[in-house]
Structures are given as structure tokens and as C-alpha cells.
1. In whole Å, how far is the Cα centre of the stretch 1-78 from that of the stretch 108-149?
2. At a threshold of 8 angstrom on Cα-Cα distance, excluding pairs fewer than six apart, so keeping six or more, what relative contact order does the stretch 299-355 reach in percent?
3. Considering only protein heavy atoms and a 1.4 Å probe, what is the carbon-and-sulfur percentage of the accessible area of the chain?
4. Assigning unit charges at the beta carbon (Lys, Arg +1; Asp, Glu -1) and nothing else, what dipole magnitude in debye, to the nearest 20, does the stretch 208-286 show about its Cα centre?
5. Using Cα-Cα distances under 8 Å and only pairs 6 or more residues apart, what relative contact order does the stretch 145-265 have, in percent?
6. Calculate, for Glu288 and Arg54, the FRET efficiency according to 1/(1 + (r/R0)^6) with r their C-beta to C-beta distance and R0 25 Å; round to the nearest 0.05.
7. Loop-only check: which chymotrypsin sites (Phe, Trp or Tyr not before Pro) in the stretch 255-362 are DSSP coil with at most 16 other Cβ within 10 angstrom?
8. Under 25 Å Cα-Cα from Lys343, which lysines qualify once same-chain neighbours fewer than 8 residues away are excluded?
Amino acid sequence: MGDPLVARMQGFGETIFAEMSALAVRTGSINLGQGFPDSDGPQAVLDAAVEAIRSGANQYPPGPGLPELREAVAAQRLQRYGLSYDPAAEVFVTVGATEGIAASVLALAGPGDEVIVFEPYYDSYAAVIALSGAVRRPVMLRPVEGRFTFDPDELRAAAGPRTRAILVNSPHNPAGTVFTRAELEAIAGVCREHDLVAITDEVYEYLTFDDAEHMPLATLDGMRERTVSVSSAGKSFSVTGWKTGWVTAPAPHVRAVQTVKQFLTYAVSAPYQRAAAYALGNEIPWVEELRTSLQAKRDRLITGLEAAGFSTYRPQGTYFVQADIRPLGFTDGMELARALPEKAGVVAIPAQVFYDHAEAGAHFVRFAFCKKDEVIDEAVERLTRLH
């Protein structure tokens, strides 16, 4: 008997995050690969989850999500972005943003369809497009004047008669770009011209730095009715293990996503939903402190990486720094990432796994800075061994 895995998933093995995190454990290395904080979110939010458990929120919640969380999400979108959604029909709770994106792609694209993605892209995008039977059409993000961006002409050329959807991640993992209004207008123009659905991954919506400001694609003219927006509590409140996310979209799109999601996991942890609702209603001071703290950690890591010999790109958002390994004499990020634990006792993620055109990302590795200052400092000291 041959490999039981279906053909369309044959190219997908263990994720790079699982591989590198296991390598970190096995070698005792500092893990700057996977993007999870090494400290928990606000105590009041954690207490809300504990109280929900103690008060009996331990059975199946409604499949679409607890009303209190759906209402909190709708209030957040209205207050922060001026986007009005009906919590009963246009907000839907998922097991993290990853499931929200997966259910959206599976619901909205199928065999024979094409889905545009910006490369580099989060690795689950390629996998779920393959699961749907659709074909991905990558548009390259390239460094221009210190940040990654795309060529609007290449985006327009990627759209054709079979294109069904476009996946947009801003703030962008791993490039760190926060798309500008002009970039979003270019995306919106293609969506309107070709009648595309936009699926937007906005999990880092609060975590932008310097003068960058997150602008949802749905706020642009004609885009609310064709945009499925996905976000979550994990990154904004440093509770990545809770896996509590949500989708906001017009009611027909939410019904489509719900149709798929109900056969994946049916429902999302009730205690964490209650706590996420509390967090959204009480987030402003803590999240602003987190954003400021992460900006300082970003600068701390960049200073250290450049002192260790890397060339870096200063991210406008997220948890991650893209580092160019060529100044240190390396050219293959995968090879270096697998050797780095032995060479320096640090784990990073090779960026080429996020590309269709792997050669374009072969000289980048991704480091996470959502760590304690002393962990960043120790990692940087170890990386100086590469000189």
C-alpha cells in the first residue's frame, strides 16, 4: 500500500514551526522561531477565563459563538474602524484565525478556482488552498526602500477569469509590512474589477509600530460587501494557546464559512470565548502597553542582529524581523536554520518555506522578538558566535 495521504497534500509534511520548535527543545536552544510570547497576557483576562470555568461555562457553546463575544467583536470593529456588523448574522467565532482562514478558503474557493496570495505567506495558506482543490497564484513582496511591497502591475496580471479570491495579510507575517492606503486601493481595484472575494488575515491588527497604522481592506469603497475579515485574541492579548478567533463578513459569506466550520470543530472553547469578550471590552491600556513594549523589543533585537553581522528589515508590525544572512557568508536559510542550534544555540525560521519561488527567500531567516528582554539579549550574544 502506498502513501495514504491524498495527492494534493503530498507536498506538505510536518510544519516548519513544529520542526524548529522540536529542534529547540532537543538542543536546549533559545527559540526565536515560533511566534508565541514567553509571558502571559493581562491578569484580568486570565482571571476571566478561570471565572468562566468555575461558573459553569464548560459545555458546548452555540456553534456560531457566544453572543457576548460576537457582540464584543462587532463593537470593536465599529469603534476602531467604523465598520458596522450585525453580531447575530455577520460575526462568527472560530478556533483561532487559522481555522477562520481555512474555513473561509474551503467555503469560498474550490476545484478550478484560483486564489491570489502575497509571497512570502504564512504556511497554512498554501495548505488550505491545496485542501480546497484550488490553485494559488503568488504575487511577490520585494524589499523596496527598507520595506516589503508588491508591484501593482504584477497583482493585476495575477488575476484572471478563474480567480475567485485574494488572501491579504496585513500586518504581514513574515515580512512585517503594514499595507498603505495606496497598496490597499490597488488590491481593492483588482477585487472590484474581477469580482473577487478578499479574505483578510488581521491577527496583528493592534501590533503596529512607529507611524504605521492598520487599515482594514473592508473600509475601502465597495469592499465591505466582498471582504471576509479574520482576527483573533491570541496575538493582541498574548494568549496564543487559547485559539479563539472570529470572522466578520456580510451574512451570506458568514453562512458559507459556518457551513464548513461546523464540520471541522463545531464549537470553540466557551471559557476562552467569555474571556476574549472581556478582553475586547477592556483592552485599550494593556494593548497599547504591549505595542510599545514590542516596538522596543523589535529595536533591541534589530540592534543585536546587526551587531552580530546580519542585515535586517525593520518591521512595521507583527512579532518578526526578517534578517538577511548573506553578510555573514551564508546563502541558504534552511541550511543555516537547521545548523544554527549547534552553531549558536538559537532557533530561527528559514523564510524560503513561505515562498513558491524559494530562491527569492533563500537568504532570509525570521526571528521572533515577542520574548523577554533577557532572552533576546542572550540570543543575540549567542548569535555573535557566527562571526
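The values are calculated or read from the model by the stated rules, or taken from the named source; none is laboratory data. It should be emphasised that the depicted structure is a prediction, and the values quoted were computed from it without experimental measurement. Here the Cβ positions follow ideal geometry from the backbone for every residue, glycine too, while neighbour counts run over all protein chains shown. Accessible surface areas use protein heavy atoms only, side chains included; no ligands, DNA or RNA. Shrake-Rupley method; radii C 1.70, N 1.55, O 1.52, S 1.80 Å.
1. 22 Å
2. The value is 22 percent.
3. Working: 7930 of 15670 Å².
Its accessible area is 51 percent carbon and sulfur atoms.
4. My answer is approximately 540 debye.
5. Relative CO of the stretch 145-265 lands at 20 percent.
6. Efficiency at R0 = 25 Å is approximately 0.25.
7. Sparse-neighbourhood loop chymotrypsin sites (Phe, Trp or Tyr not before Pro): Phe263, Tyr266.
8. Lys297, Lys371, Lys372
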